[in-house]
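To keep things clear, I will list the structure first and then write my remarks on it.
The values are calculated or read from the model by the stated rules, or taken from the named source; none is laboratory data. Since the structure is predicted, the reported quantities are computational estimates derived from the model, not experimental observations. Cβ placement follows ideal geometry from the backbone for every residue including glycine, while neighbour counts extend to all protein chains displayed.
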Amino acid sequence: TADVSLVNGSTSNLGIVQAQNLDINSSGAITDSGSIQVSGQTTLASEANITLDNAANNFNVLAVNQAANVTLADDDALTLVGVNASGLVDVTAEGLFVIGDISGGRINLNALNQAANINANLEATSGSAEIAGSGIVSNGSIRANGITLDGTTGAVQLNGELSSGGPETIAVRGSRIAQNANINSNASVSLTSDSTINQNATITAGDQITLLANNGFIQMANGTASSANQINYTANGGDIILGLLNAQSAISLATTGAVIDGNVNSRNLSASRVDISAVNGIGAGDSIEMAASTINVSNSRGSVDLENTGDVTIERLHNTGGIVFESIGDISINPLTGGVDAGFNDDSILRIESVGGSILDADSANTNDIDITASIATFVATNDFGALREPFSINVRDRVIIVATRNWTPRELFISPSSSNIQINAIDLSLTDLFGIGGGELVEVESLSEVNPAVFTNVKNYLFDNISIRLPSDQRYDEDEISYSQ
């Protein structure tokens, strides 16, 4: 075979071609009606479309210097040294090696049953970029309105940045996924693996980020982060090892393993709402640091250790074992959505601590639902434990310790074998105590200047800033005191 070179001012239709190297420059479209066999390199240029889609074509190495739309088929492995098109770039081959940049309005690369190796940059200027093959290695950057990488039964390794400025999702699927470069999307990002996902770089999305490891773990490297409106990480068959997840609305973590802190003392979760479901522990050995307004957490075995910054409502905090929960700010517990339950096992030891705030019952309906269940429970609050109108209902097997400024006596406290296992280091208050002071009427006022003895001569007791006050003797009328003065 020899080299073939063609310059044509109109349409070029190729029949059966066999060549060492093939070079075609055509003003019109380039098409085929037979198979094209090139052992060296094929170089094409057209002011119109290039459509060489015969299933028996074998270009070996190919470059497209100019075209409107490009459609190519190759029955063997194909090396692309560059494609420059204004419209669609659609290439199908039994294995793809991209070593030169590809630019088009929309890009579809299909390596069929072989791997796709991308060692150059891809840019879809007005549409999406889609790459498929039995495994994908992407070493160059990919920019498009939406990006789909489908490794089918092979692994996907992302060493180049993925960036989408359009409304379409960035979606990656493979037998396992290693993300070693940043992913940025104005819409959503999803990574789906048949086994493991290693996140070693940042993911940013305008809407949602979803990672699903169907039979393995999700591991974020220390220092990596994901940011979006909503974040969902699910590991069916392994642990979730956290860097930083930052969501404007909600974070959801679900695993059949454990949730583990992977960035030492830095924050792991930041969202208005955090939902965590695990089996083998959450923050065991190194607490999960978070900033959340509402949490719903469940675990089956092992320990749970959480640290929060800011006021927080606990909808549900359940474990069959130890629980440690600390927050800088108020902690409100809602029994109507599950409350706090560590179980009644020997290791069902509960500690809840509010630094600079109070531990409160969020049950505004004042029902008798149990707020807290544990074998041993310790509560530490800078301010109050419970509140005047919303005291707690507690079910504890062995011992209760309350350390606070004020303790509003629980509405119900179930404990065995005796009340001698209740230790309170606080001013112990109850609604009965307040109304029982002097047997009189309790009036709540905003300031002491409102107390006028000329008007309130029959009122002896006041509540100011949750502190009961008894008037001096010269400002009240009391029959016993009158008789005593005589």
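Quick look at the numbers
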read-out: Residue check, ASN54 buried (at least 17 other Cβ atoms within 10 Å of the Cβ) and part of a loop (DSSP other than H, G, I, E, B); value: yes
read-out: Of residues in the stretch 200-215 being of a type outside the set (Val, Ile, Thr) and crowded, with 24+ Cβ neighbours inside 10 Å, the one farthest from the chain's Cα centre (by Cα); value: ALA213
read-out: Number of the condition not met by ALA181 [criteria: (1) modelled with pLDDT under 95; (2) over 23 Å from ILE295 (Cα atoms)]; value: (1)
read-out: Residue selected from the stretch 68-79 under the condition aliphatic (A, V, I, L, M), closer than 23 Å to GLY28 by Cβ and free of Cβ contacts under 8 Å to residues at least 24 places away in the same chain, by the criterion surrounded by the fewest Cβ atoms within 10 Å (Cβ to Cβ); value: ALA68
read-out: The stretch 281-312, subset charged (D, E, K, R) and closer than 16 Å to ILE331 by Cβ, residue nearest to the chain's Cα centre (by Cα); value: GLU289
read-out: Checklist (1) surrounded by fewer than 21 Cβ atoms within 10 Å (Cβ to Cβ); (2) among the β-branched types (Val, Ile, Thr); (3) farther than 24 Å from THR192 by Cβ applied to ILE323, failing item; value: (1)
read-out: Residues located in the stretch 10-32, provided they are in contact with a strand residue (DSSP E or B) (Cβ under 6 Å, 6 or more places away or on another chain) and of a type in the set (Ser, Thr, Tyr); value: SER12, SER26, THR31
read-out: Any chance LEU122 is buried (at least 19 other Cβ atoms within 10 Å of the Cβ), under 15 Å from VAL91 (Cβ atoms), at pLDDT 95 or above and in contact with a strand residue (DSSP E or B) (Cβ under 9 Å, 6 or more places away or on another chain); value: yes
read-out: Conditions (1) surrounded by fewer than 20 Cβ atoms within 10 Å (Cβ to Cβ); (2) over 26 Å from LEU112 (Cβ atoms); (3) under 14 Å from the mean Cα position of the chain (by Cα): number failed by SER190; value: (2)
read-out: Residue tally, condition outside any strand (DSSP E or B), small (Gly, Ala, Ser) and over 8 Å from PHE217 (Cβ atoms), over the stretch 238-260; value: 2
read-out: Output for the stretch 360-397, where each listed residue is modelled with pLDDT of 90 or more and among the polar types (S, T, N, Q); value: THR373, SER375, THR378, THR382, ASN383, ASN395
read-out: Top-ranked residue of the stretch 253-276 - restricted to ones that are modelled with pLDDT of 95 or more, surrounded by fewer than 19 Cβ atoms within 10 Å (Cβ to Cβ) and of a type in the set (Gly, Ala, Ser), ranked as nearest to ASN308 (Cα to Cα); value: SER272
read-out: Filter pass, VAL355 being over 16 Å from VAL297 (Cβ atoms) and within 28 Å of the chain's Cα centre (by Cα); value: yes
read-out: The stretch 267-278 residues that are touching a residue at least 40 places away in the same chain (Cβ under 8 Å) and within 9 Å of THR294 (Cα to Cα), paired with ones that are of a type in the set (S, T, N, Q) and assigned to a strand (DSSP E or B) (beta carbon under 8 Å, 6 or more apart); value: ALA271/ASN246; ALA271/GLN248; ALA271/SER249
read-out: Hits in the stretch 5-48 - residues which are assigned to a loop (DSSP other than H, G, I, E, B), touching a Gly at 6+ places or on another chain (Cβ under 8 Å) and surrounded by fewer than 18 Cβ atoms within 10 Å (Cβ to Cβ); value: GLY9, SER10, THR11, GLY15, ILE16, GLN20, ASN21, SER27, GLY28, SER33, GLY34, GLU47
read-out: Members of the stretch 144-162 found to be in a strand (DSSP E or B) and surrounded by 19 or more Cβ atoms within 10 Å (Cβ to Cβ), listed by number; value: ALA144, GLY146, ILE147, LEU149, ASP150, VAL156, GLN157, LEU158, LEU162
read-out: Among (1) of a type outside the set (Phe, Trp, Tyr); (2) within 30 Å of GLY237 (Cβ to Cβ); (3) at pLDDT 95 or above - the single one THR152 does not satisfy; value: (3)
read-out: When residues of the stretch 356-387 are limited to those that are in contact with a Ser or Thr (Cβ under 6 Å, 6 or more places away or on another chain) and among the hydrophobic types (A, V, I, L, M, F, W, C), the one farthest from SER287 (Cα to Cα); value: ILE370
read-out: Qualifying position, being touching a Leu at 6+ places or on another chain (Cβ under 8 Å) and closer than 30 Å to ASN186 by Cβ, among GLY262, GLY243, GLY310, GLY283; value: GLY262
read-out: Positions within the stretch 281-334 being free of Cβ contacts under 8 Å to residues at least 24 places away in the same chain and within 19 Å of ALA404 (Cβ to Cβ), in sequence order; value: ASN308, VAL312
read-out: Neighbours by Cβ (under 6 Å, 6+ apart or cross-chain): first from the stretch 30-52, under 13 Å from GLN20 (Cβ atoms); second among the charged types (D, E, K, R); value: THR43/ASP23
read-out: Any chance ASP286 is charged (D, E, K, R), closer than 20 Å to ARG351 by Cβ and either at pLDDT 95 or above or part of a loop (DSSP other than H, G, I, E, B) (or both); value: yes
